[in-house]
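Have a look at the structure below, then the notes.
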Amino acid sequence: MALPSSAPDIGDIRTLALLGTSAAGKTTLIEALLHRAGAIGAPGSVERGSTVSDHDLLERQFQHSLNTSLVHLQHRDTRIHLIDTPGHPDFSGPALAALEAVETAAIVIDAANGVDAGTQRLMETAASRGLCRLVIVNKIDAQDVDLAALVEQLRATFGKECLPLNLPARGGSEVVDCFFRPEATAGHEADFSSVASAHRALVEQVVEIDAALVERYLESGDVDPHELHAPLEQALREGHLIPICFVSARHGAGVGELLDIFTALMPNPAEGNPPRFLRGEGAQATPITARPDPALHVLAQVFKLAVDPYVGKLGVFRIHQGTVTSDSQLYVGDGRKPFKVGHLFLLQGKSLVEVERAGPGELCAVAKVDDIHFDAVLHDAAEDDHIHLAPLDFPVPVHGLAIEPQRHGDEQRVWDILQKLVAEDPCLRIEQVAATHETVVWGLGELHLRALLMRLRDLHRLEVTTRPPRIAYRETVTAPATGQHRHKKQTGGAGQFGEVHLRIEPLPRGAGFEFIDAVKGGAIPSNFMPAVEKGVRQAMAEGVIAGYPVLDVRVVVHDGKHHSVDSKEIAFVTAARKAFVAAARAAQPIVLEPVVDVEITAPEAHMGDLTGDLASRRGQVIGSHPARPGQMVVRALLPLSELANYQSRLHALTGGQGRYTLRFSHYQAAPAGVQQALTAAHHVRDEDSSAQGNVC
């Protein structure tokens, strides 16, 4: 179905993100909605890989969404933008980013599975961003589902604000309206409850917003639902009403009624809560309001980025203010050089539908703009260069893999492609770890990183080797000691000479490194002191007993010797390096292990198992507090080496309902067994290196 090239009026636009856990049926529901609206000839199938939304090759292999996908349709002169989001928690980053682009979060629930921890998190996140919320109960015609019990579960979990807009009838083969025309349901009794009682509960919930309406309702016993548009929108904005509607996406029951609900009851861009824009950074940032006025200057936010090896970079954005045309000149954030839009698109899955212009509320895309990036604000006025949206609270990626190419020489190519893939997902992170000489990619879980590796292999033809990241151990000393070394080399001409005497002392944990020049009388000329410090730093970087960098140490150079002809910088670098090693080996060196601060959120019923497991991993619980009813947050200090495979263990202990974040806390002495193993391994590596050197 072709769409008009001109932008619709703001009152004729709806934007919704379909959220929910895996297998709730979001993608199938979007197919049913597209088909009912006439946008596609026949609904596709997730199993056959023929849906508009799941167009990615990996999505067809996995048979569930891995990224957000946008579609649009026309229903009764209203343009409806829908965002299909992934349900697996490993891919929650793109799903959360979609919340910045819509007025309504539609939470899709499998009627058989009911409310789970993932559904609760999505509802809470949508509420925290001020979105209107709609609950869509899918698969209502499945066998042995208790829809009445599910409604009670919804109300018990999310409050009495959850009320049915319609009810299933005839065993879930159809639905009956409870809001606009309850009198028209004669002969179509609901499968549970009654249309009259549901209608009364809805009207009473809405009129509570307005004291005058309450008085009218008490006098007359009812209010015409068509008069309740404004208070209903206010109730949705304030979370005073969370409508429930029923549907069977597979067989079509309730699909047409759902389109009517989107059109008649869901807010347009002028009715939803405005986005939280800020001008400036940090504590000095001040809130500003974007007004959905097509005549004002442009403010738009990039909520999705796609990098295709053939199409190039595609930036998908929501227009919050102003009008964008194919001739628009837009800035990216604080960039000083604007780009010309050229081609402006609506998305229909993987298809690009070109339009001439788009206004507030529209979800659009531009291609081949190198500077565009996730969360960028696009604008057409230079004075708007410091405007941004209030940041979303994304999950912290804690599952890491060290990656290196199988073919020598591909290192830079792997880095470049990884950066492009990471740019698409706010919950992927890449870093080059200097301490371990590794490229490490961090994600939310094993499946998250497996999908990334499959894209490297299948889309970019790159074969890589992976392994768990090495633990960034460190070394330090625990006692003061002295060391000295004379470097003397004569090769028949000018020689090399330098002698260094130094003392090392332990510093408190976290103090770092101090270098002190205490040489008297010019024993080491000041112009050679930078070379002495360089030698010390080289020795510290190489380690003394286990091959890990040395930290928290003070080095005092107090004496030495030089030669007026043969002393050179290289001689003092070598002498200082060997003097430091001699002193460090006499200063009772130890290996330090990194300790992280772990924050675990899980059901309260599993707290005993969790704390017991933490104790078995040398963890120290430092506090706990309730997150919400039935959920607890536990904080613990834990050696990083003990977190191997922790995600799988947490999943097993909590039935998949636990999650955790971590951040570095400090270094502490590793247990004796760990120290011995690391020292022995380093000794073996040194012997192997020496043997190879002798062979050469």
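The values are calculated or read from the model by the stated rules, or taken from the named source; none is laboratory data. Just so you know, these numbers come straight off a predicted model, no measurement behind them. Cβ atoms come from the backbone with ideal geometry, glycine included; neighbour counts cover every protein chain shown. SASA here: full protein model, heavy atoms, side chains in, ligands and nucleic acids out. Shrake-Rupley method; radii C 1.70, N 1.55, O 1.52, S 1.80 Å.
Structure summary
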read-out: Selected residue (criterion: farthest from the chain's Cα centre (by Cα)) from residues of the range 300-337 that are of a type in the set (Gly, Ala, Ser) and surrounded by fewer than 18 Cβ atoms within 10 Å (Cβ to Cβ); value: Ser326
read-out: Cβ-Cβ under 8 Å pairs, at least 6 apart or on other chains, the range 507-526 side within 27 Å of Pro549 (Cβ to Cβ), far side surrounded by fewer than 10 Cβ atoms within 10 Å (Cβ to Cβ); value: Asp517/Ser526
read-out: Residue pairs meeting the criteria (Cβ under 8 Å; at least 6 apart or on separate chains; first in contact (Cβ under 8 Å) with a residue 12 or more places away in the chain, in the range 235-249; second of a type in the set (Ser, Thr, Tyr) and not in a strand (DSSP E or B)); value: Ser248/Ser173; Ala249/Thr28
read-out: Where Val255 falls short, out of the listed (1) open to solvent by 10 Å² or more (accessible area, probe 1.4 Å); (2) under 29 Å from Val206 (Cβ atoms); value: (1)
read-out: Residues within the range 338-385 that are more than 24 Å from Ile13 (Cα to Cα) and open to solvent by 70 Å² or more (accessible area, probe 1.4 Å), tallied; value: 6
read-out: Yes/no for Gln657 being at pLDDT below 85 and assigned to a helix (DSSP H, G or I); value: no
read-out: Single residue of Leu122, Leu147 found to be modelled with pLDDT of 95 or more, more than 21 Å from Tyr217 (Cβ to Cβ) and of a type in the set (A, V, I, L, M); value: Leu147
read-out: Residue in the range 459-481 that is within 30 Å of Lys568 (Cα to Cα), open to solvent by 20 Å² or more (accessible area, probe 1.4 Å) and touching a Ser or Thr at 6+ places or on another chain (Cβ under 6 Å) present; value: no
read-out: Residue identified as without any contact (Cβ under 8 Å) to a residue 12 or more places away in the chain and under 30 Å from Val316 (Cβ atoms) among Arg429, Arg455, Arg461; value: Arg461
read-out: Which numbered condition Ser665 fails, given (1) within 30 Å of Pro506 (Cα to Cα); (2) modelled with pLDDT of 90 or more; (3) not in a helix (DSSP H, G or I); value: (2)
read-out: Ile622, sole failed condition from (1) without any contact (Cβ under 8 Å) to a residue 60 or more places away in the chain; (2) of a type in the set (Val, Ile, Thr); (3) within 25 Å of Gly495 (Cβ to Cβ); value: (3)
read-out: Qualifying residue in the range 583-590 (condition: out of contact with any Ser or Thr (no Cβ under 8 Å at 6 or more places or on another chain), among the hydrophobic types (A, V, I, L, M, F, W, C), closer than 29 Å to Met540 by Cα and in contact (Cβ under 8 Å) with a residue 40 or more places away in the chain); value: yes
read-out: Neighbours by Cβ (under 9 Å, 6+ apart or cross-chain): first from the range 551-569, touching a residue at least 12 places away in the same chain (Cβ under 8 Å); second among the polar types (S, T, N, Q) and open to solvent by less than 10 Å² (accessible area, probe 1.4 Å); value: Leu551/Thr476; Asp552/Thr476; Val553/Thr476
read-out: Scan of the range 74-109 for residues that are under 20 Å from Ala24 (Cβ atoms) and of a type in the set (Val, Ile, Thr), ordered by number; value: Ile80, Ile83, Thr85, Val102, Thr104, Ile107, Val108, Ile109
read-out: Criterion violated by Gln412 - all others in (1) modelled with pLDDT under 90; (2) open to solvent by 70 Å² or more (accessible area, probe 1.4 Å); (3) assigned to a helix (DSSP H, G or I) satisfied; value: (1)
read-out: Of all residues in the range 423-444 being modelled with pLDDT of 90 or more and among the β-branched types (Val, Ile, Thr), the one that is surrounded by the most Cβ atoms within 10 Å (Cβ to Cβ); value: Val441
read-out: Extreme residue, most open to solvent (accessible area, probe 1.4 Å), among residues of the range 266-295 that are assigned to a loop (DSSP other than H, G, I, E, B) and charged (D, E, K, R); value: Arg291
